[in-house]
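For reference, the structure discussed in these notes is given below.
The values are calculated or read from the model by the stated rules, or taken from the named source; none is laboratory data. All figures in this text were calculated on a predicted structure; none of them were measured in a lab. Don't worry about glycine lacking a Cβ; one is built from the backbone with ideal geometry, like all the others, and counts go over all protein chains shown.
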Amino acid sequence: METNLIELIEKDITLTDGTRNLTVKGETKNHKVYKIPLEYLFYNNQNGRITTWISKYNSENNLLNLDDMEYYNSVLHGFIKQANENAFDKTKINIKMFGQKVAGVVLKNGRIIDGNRRFTCLREIAAEGEDCYFNAVILDTDEGISDKDIKRLELNLQHAEERPVDYDPIDNLVDIYRDLEQNKTFTISEYVRNVNKKKTEVEKTLKKAILMVEFLEFINADGKYYIARELNLDGPLQEMVGILNKVEEGKEEDVKSALFTALLTSQTGDLTRRIREIGNEIIKTKNADKFIEEYEEIVEEVFEDLQGEEEVDLSTVNEKVSKNTSLKEKGNTIITKKIDQNRHEAVRNKPIVLLNNALDALNAIDETVVSRMNEENKEEFEEVLKKIYETLNAYSEEINV
């Protein structure tokens, strides 16, 4: 039977003299804060801070559910703590010294909307022998509060109070992907209003989130977001978005697959730098098509090896790709060779590039302005012009040697 916290008010749950200002369904007001026994509450499994941890658990075990609430809470307790142990320890010390200063927010069924870390700290303090309660606003979902209203409140609270360091970037990508792409809870304009960010910033983050999902599909690990977190893909994905934005239409998928493969087979530790290097030194050059053609065999081998597996996790990636020394060497040889070729070509072409730049600068000179120069300026102009002729003649002599 589902708990109803509203019915427990003035019984096990008592009113405090505190309030918390919240905006719910567009109305901002002070809400009453109640003192709630910990055993009536459970974690929010949609909490963005632990999304990737839950995805890892679900991929390795049976799906988490509330049939055994104590077990469910103990598992998510561990995730909350692991997600940011430094922040957790500081919050716990603060609560032990001064008590819970900021009230949480819960639904009437006991689901925690805001205050998961504070709740976790209180659970640990209670386990150490102290008498603990969770102070929180109780939202009555029977009063027309929809799932979208709840999510909007979560976003408001998260972006108003959380510091960026508290939120793993991959967990943030999963959150924005679910809200804007998978569940379409919000339009981009609605999301922008709720998180106080620029539209261009949200659009760029969404592109990165979609790219992360596509990477997981490429390696046959759909929904296993923890892989992206454990591979530290935020930086590389950021670089890929910039690269793909400048790729010619119709070639995005080939470039994307090549970048995913290069990411998996890289022999360098700094993946962000490697992807940036491939983008600048290969993909953005006129030799990009030739590289894609030469690299296709590596892409196909990686893709087919992983797609052929029934289940893919990090150990599968390590076994099929990371430990495949010959495949990695072959792939990295192609990349390194192409980068070196393009760099040498760039050096050879540098004089032509500079000469074209000089020509553009000369063409930008307004002849009318030249004709109206005073005598002093004309003399200086002719002097510079003479030096240009002399320089060009010197280059001509070098070419004709």
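If you go through the stretch 324-352 and keep only what is more than 17 Å from residue 262 (Cβ to Cβ) and exposed (fewer than 10 other Cβ atoms within 10 Å of the Cβ), you end up with 347, 348, 352.
Would you check if residue 2 is farther than 19 Å from residue 116 by Cβ, acidic (Asp, Glu) and assigned to a loop (DSSP other than H, G, I, E, B)? It is true that residue 2 is farther than 19 Å from residue 116 by Cβ, acidic (Asp, Glu) and assigned to a loop (DSSP other than H, G, I, E, B).
Close contacts from the stretch 16-33, counting a first residue that is in contact (Cβ under 8 Å) with a residue 60 or more places away in the chain and a second that is among the hydroxyl-bearing types (Ser, Thr, Tyr), with Cβ to Cβ under 7 Å and a gap of 6+ residues or different chains, come to 16/34; 31/19; 32/19; 33/16; 33/19. Being surrounded by fewer than 15 Cβ atoms within 10 Å (Cβ to Cβ) and in contact with a Ser or Thr (Cβ under 9 Å, 6 or more places away or on another chain) narrows it down to one of 90, 35, 29, so name that one. The match here is 29.
Residues of the stretch 363-381 that are assigned to a helix (DSSP H, G or I) and loosely packed, with under 10 Cβ neighbours inside 10 Å: 363, 367, 368, 369, 371, 375, 376.
Only a single item in (1) at positive phi; (2) within 27 Å of the chain's Cα centre (by Cα) is not met by residue 48, and it is number (1). Restrict the check to the stretch 156-169 and report whether at least one residue is of a type outside the set (A, V, I, L, M, F, W, C) and at pLDDT 95 or above. No; the residues of the stretch 156-169 include none that is of a type outside the set (A, V, I, L, M, F, W, C) and at pLDDT 95 or above. Of all residues assigned to the stretch 303-310, at least one qualifies as being closer than 22 Å to residue 279 by Cα and not small (Gly, Ala, Ser). All of (1) outside the structural domain of residue 321 (by TED's automatic domain parsing); (2) buried (at least 19 other Cβ atoms within 10 Å of the Cβ); (3) not in a loop (DSSP other than H, G, I, E, B) hold for residue 221 with one exception: (3). When the stretch 62-87 is filtered for residues that are more than 26 Å from the chain's Cα centre (by Cα) and surrounded by fewer than 17 Cβ atoms within 10 Å (Cβ to Cβ), the ones remaining, listed by number, are 62, 65, 66, 67, 68, 69, 70, 71, 72, 74. Among the residues of the stretch 75-104, those identified as over 26 Å from residue 58 (Cα atoms) and either in contact (Cβ under 8 Å) with a residue 60 or more places away in the chain or among the β-branched types (Val, Ile, Thr) (or both) are 91, 93, 95, 102, 103.
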